[in-house]
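Okay, structure first, notes after.
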Amino acid sequence: MIQFDQVTKRYPGGNEALKQLSFSIGTGEMVFLAGHSGAGKSTLLKLIAGIERATSGSVLVNNQNLSKLRSSQLSFVRQHIGIVFQDHKILYDRSVFDNVMLPLDIIGFERRDAARRVRAALDKVGLLGKEKMMPVRLSGGEQQRLCIARAVVHRPTILLADEPSANLDRAYALDIMELFKSFHQVGVSVVISAHDETLMEDYGRRIIRLREGQFAA
Ligand code: ADP
Ligand code: ADP
């Protein structure tokens, strides 16, 4: 469960990215986050992930008040979260397999079990068989799938995706959405942002619309 209570985020330099936002997202819910560029979507996802901290108000994730946690405790909460970043953050000097292994290395997962997990995650996104390839050889859609495999390999309870379909053709974008839906169907809470609402409308899920850091109608 994710709960924002009167959350304001002001970046150094004075820009208020989120203004007194209150809402909650239930366990296992799939929610879309809409709004133009600059509306505050990435900031909201970063607050859930504990990458940024609220300037005021409280952010609760799985019953933990992130605003009150020390960074060591924050990294523990992060182990239950998977993120698909807008800028991919793929390591191009490492194989597909090693990219997906990364989160498990950080957690300190036992190596043999980790390899099995990596293959399960790659299988889930349809990339099994390409694990030895270097990421540059993957298509744009496949690179996005790689990011999703890396985001779910540690079996998070919350999956966040920042504009995962931004640079994809509609058919590929829909494939990616179906993939997120499949994680939602096994009980994972999923929050997906996009500036193009047409992709969301077919899914009949709640859409949180942001404009200049506030809810838009
Ligand atoms: P979106 O994801 O909807 O495009 P963002 O959350 O990235 O919106 O940005 C919201 C606002 O916060 C914008 O005005 C943006 O310029 C500002 N912003 C985002 N990140 C930073 C940062 N690191 N430092 C200063 N301002 C930022
Ligand atoms: P395994 O075959 O490794 O034992 P499970 O039977 O636990 O995997 O899960 C079946 C599939 O569902 C696997 O592909 C796994 O990656 C995926 N899966 C299960 N739980 C989650 C989760 N919380 N997040 C993402 N994927 C999951």
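The values are calculated or read from the model by the stated rules, or taken from the named source; none is laboratory data. Worth saying up front: this structure is predicted, and the values here are computed from it rather than measured. Every residue, glycine among them, receives a Cβ derived from its backbone with ideal geometry; neighbour counts consider all protein chains shown. For accessibility, only protein heavy atoms count, side chains too; no ligands or nucleic acids. Shrake-Rupley method; radii C 1.70, N 1.55, O 1.52, S 1.80 Å.
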(Q) List the strands (runs of 3 or more DSSP E) inside the stretch 1-82, counting only whole elements, that have at least 3 residues being more than 25 Å from Thr198 (Cβ to Cβ), open to solvent by 70 Å² or more (accessible area, probe 1.4 Å) and not assigned by TED's automatic domain parsing to the domain that holds Ile148. (A) 2-10
Q. Taking the stretch 84-125 as the region of interest, how many residues are of a type in the set (S, T, N, Q) and within 14 Å of ligand 2 (Cβ to nearest atom)?
A. 0
Q: Considering every residue within the stretch 20-31, establish whether at least one is more than 8 Å from ligand 1 (Cβ to nearest atom), within 14 Å of the chain's Cα centre (by Cα) and within 19 Å of Gln86 (Cα to Cα).
A: yes
**Q.** From the options Ala194, Ala171, Ala166, residue that is among the aliphatic types (A, V, I, L, M), exposed (fewer than 13 other Cβ atoms within 10 Å of the Cβ) and farther than 28 Å from Phe76 by Cβ
**A.** Ala171
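List the helices (runs of 4 or more DSSP H) inside the stretch 90-207, counting only whole elements, that have at least 1 residues being within 25 Å of Gly40 (Cβ to Cβ) and without any contact (Cβ under 8 Å) to a residue 12 or more places away in the chain.
Numbers: elements: 96-107, 111-124, 140-152, 170-185, 198-201.
Where helices (runs of 4 or more DSSP H) fall fully within the stretch 90-207 and carry at least 1 residues being within 25 Å of Gly40 (Cβ to Cβ) and without any contact (Cβ under 8 Å) to a residue 12 or more places away in the chain, they are 198-201.
Let's see how each residue does on (1) surrounded by fewer than 16 Cβ atoms within 10 Å (Cβ to Cβ); (2) of a type in the set (S, T, N, Q); (3) within 21 Å of Arg94 (Cα to Cα); (4) within 16 Å of ligand 1 (Cβ to nearest atom):
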site: Gln143; (1), (2), (3), (4): no, yes, yes, no
site: Asp175; (1), (2), (3), (4): no, no, no, no
site: His184; (1), (2), (3), (4): no, no, no, no
site: Val188; (1), (2), (3), (4): no, no, no, no
site: Glu212; (1), (2), (3), (4): yes, no, no, yes
site: Phe215; (1), (2), (3), (4): yes, no, no, yes
Q) In this structure, does Tyr203 turn out to be over 15 Å from the mean Cα position of the chain (by Cα) and open to solvent by 40 Å² or more (accessible area, probe 1.4 Å)? A) no
Q: Output the number of the condition that Val61 fails; it satisfies all remaining conditions of (1) more than 13 Å from ligand 1 (Cβ to nearest atom); (2) in contact with a Lys or Arg (Cβ under 9 Å, 6 or more places away or on another chain); (3) not aromatic (Phe, Trp, Tyr).
A: (2)
Q: Inspect the stretch 153-160 for any residue being touching an Asp or Glu at 6+ places or on another chain (Cβ under 8 Å) and not polar (S, T, N, Q) and give the result as yes or no.
A: no
